[in-house]
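Remarks on the structure that follows.
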Amino acid sequence: MRIKTYHYQKNKGISWDEVFQNPRPVSVRSFQTGTVIINRHGTLNPNHPLAKDVQDEELEVPILAHWVHHEDKGDFLLDAGLDASYAGDPRGGLLGTDVDEFQQIKGENIAQHLVQNDINLKMVFLSHLHADHAAGVRELPKDIPYVIPKGEYGEYRLEVHGDFLEGLEELYEIDFSKANQMAPLGPSVDLLGDGSLWAIHTPGHTPWHVSFLVNGMDRPILLTMDAVFIHENLERGVAPSEYTWDMEKAQDTLEKIIAFLEMFPQVRVGAGHESGNSFKIYNSRI
Ligand SMILES: [Zn+2]
C-alpha cells in the first residue's frame, strides 16, 4: 500500500457563511451496517457536572456508514461500517482479547447496501480507523482511493482492530496542518473542491478524528461521526468518555460543534451512533 498526500484546494480565508451561500447538488443517506451495545453512563461522561444524573443503562445503537451522492462527481462513502463477516460472528473474524463485539443482521453489511442502491463507488473517506467505522473496507473495491486524516494510521492498533486496509493499493492522508481555520470549528478541508463536502478536524475521540459536512441544496448536514455519539451529548453539552482518547479534547471539540450549531441554526446534525436518516435540528436542553 502506498501512502500519499490528499491534495485539496485551499480556498484561503473562506467562512462557513460563504460556504452555505453556495449549496451544491449533493445529498447524503445513512446505512445501518450493524448494532453495538454501549452504556449511557460513559456515552455521557459521568464526571461532567451536567451528567451527574445519568444512570447505568445499556443502549443498543446503530453502526452507520453514509452514502454521499454528488450529481456531477458521483458516489462516495463516509466511513465503511461493517462487512458481512459480522453476521455470524460478533468479532468479525478478529482474534485477541480487546476485540469489540458487534451484532449484524444478515444483509446489513456495507457491500449489500452498495448493490441495493446501485452505487458506483468513487472514493471512501474514513473519520478514523475503529472497527465499527472501518471493518467494511474489507469487502469494498480495492482499486479506488481511500482517504484518512493524517496521523490516524500511526495510531492504528492492528491487534485490536485488525488490518481492515489490507490489499488497498493507495491510502491518501489529509494534512490538516495546511487547512483553513474556519471558525468556530477549526481546520476544515473542501474535499471535492466545489464546497460540497468538507472534512473538519474534531480531535478527542481519537487524535486525528474528523467530522464531515455535506453542503446540499436542501440544507447543510453536519455528520459528527464519533465526536458526538448520540444527540444527548449535544443537548446536555457533555462529551463521551468511553472509547475516548482524550476527554478534555473531546469536550472542547463538542463545545465547538455546539457553538457552530448555534451560529448556523439551518445546519442539521447527525450523531455517530444514532438513527442516521433523521438528521436533527440542534436544541439545547440546558
Ligand atoms: Zn470510534
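Annotations
- Any hit, segment 120-131, residues being farther than 23 Å from Leu213 by Cβ and within 16 Å of the ligand (Cβ to nearest atom): yes
- Considering only residues in segment 231-255 that are within 14 Å of the ligand (Cβ to nearest atom) and part of a loop (DSSP other than H, G, I, E, B), the one that is surrounded by the most Cβ atoms within 10 Å (Cβ to Cβ) turns out to be Ala239.
- Which numbered condition Gly42 misses (of (1) modelled with pLDDT under 95; (2) surrounded by 20 or more Cβ atoms within 10 Å (Cβ to Cβ); (3) farther than 14 Å from Val137 by Cβ): (2)
- Segment 190-227, residues that are among the hydroxyl-bearing types (Ser, Thr, Tyr) and more than 16 Å from the ligand (Cβ to nearest atom): Ser196
- Test: residue in segment 62-85 that is over 15 Å from Val210 (Cα atoms), at pLDDT below 95 and within 16 Å of the ligand (Cβ to nearest atom): no
- Here Ile286 qualifies as modelled with pLDDT under 95, of a type in the set (A, V, I, L, M, F, W, C), out of contact with any strand residue (DSSP E or B) (no Cβ under 8 Å at 6 or more places or on another chain) and within 22 Å of Pro49 (Cα to Cα).
- Within the option set Pro203, Pro187, being touching an Asp or Glu at 6+ places or on another chain (Cβ under 8 Å) and farther than 18 Å from His66 by Cα holds for one residue only, Pro203.
- Filter result for Gln116 (more than 16 Å from the ligand (Cβ to nearest atom) and over 30 Å from Arg236 (Cα atoms)): yes
- Options Asp56, Asp89, Asp72: the member that is of a type in the set (Asp, Glu), in a loop (DSSP other than H, G, I, E, B), touching a helix residue (DSSP H, G or I) at 6+ places or on another chain (Cβ under 9 Å) and surrounded by fewer than 16 Cβ atoms within 10 Å (Cβ to Cβ): Asp56
- Residue within segment 153-164 that is charged (D, E, K, R), more than 16 Å from the ligand (Cβ to nearest atom) and within 27 Å of Arg268 (Cα to Cα) present: no
- When Lys150, Lys106 are screened for being over 21 Å from Ile38 (Cα atoms) and more than 18 Å from the chain's Cα centre (by Cα), only Lys106 passes.
- In the set (1) of a type outside the set (Asp, Glu); (2) more than 16 Å from the ligand (Cβ to nearest atom); (3) touching a strand residue (DSSP E or B) at 6+ places or on another chain (Cβ under 8 Å); (4) within 20 Å of Leu94 (Cα to Cα), the condition left unmet by Val137 is number (2).
- The criterion of at least 2 residues that are within 30 Å of Glu255 (Cβ to Cβ) and among the β-branched types (Val, Ile, Thr) is met by the following strands (runs of 3 or more DSSP E) wholly inside segment 109-192: 146-149.
- Breaking point among (1) in a loop (DSSP other than H, G, I, E, B); (2) in contact with a helix residue (DSSP H, G or I) (Cβ under 7 Å, 6 or more places away or on another chain); (3) not acidic (Asp, Glu), for Asn215: (1)
The values are calculated or read from the model by the stated rules, or taken from the named source; none is laboratory data. What you see is a predicted model; the values in this text were computed from it and never measured. We place every Cβ from the backbone using ideal geometry, glycine too, and count neighbours over all the protein chains shown.
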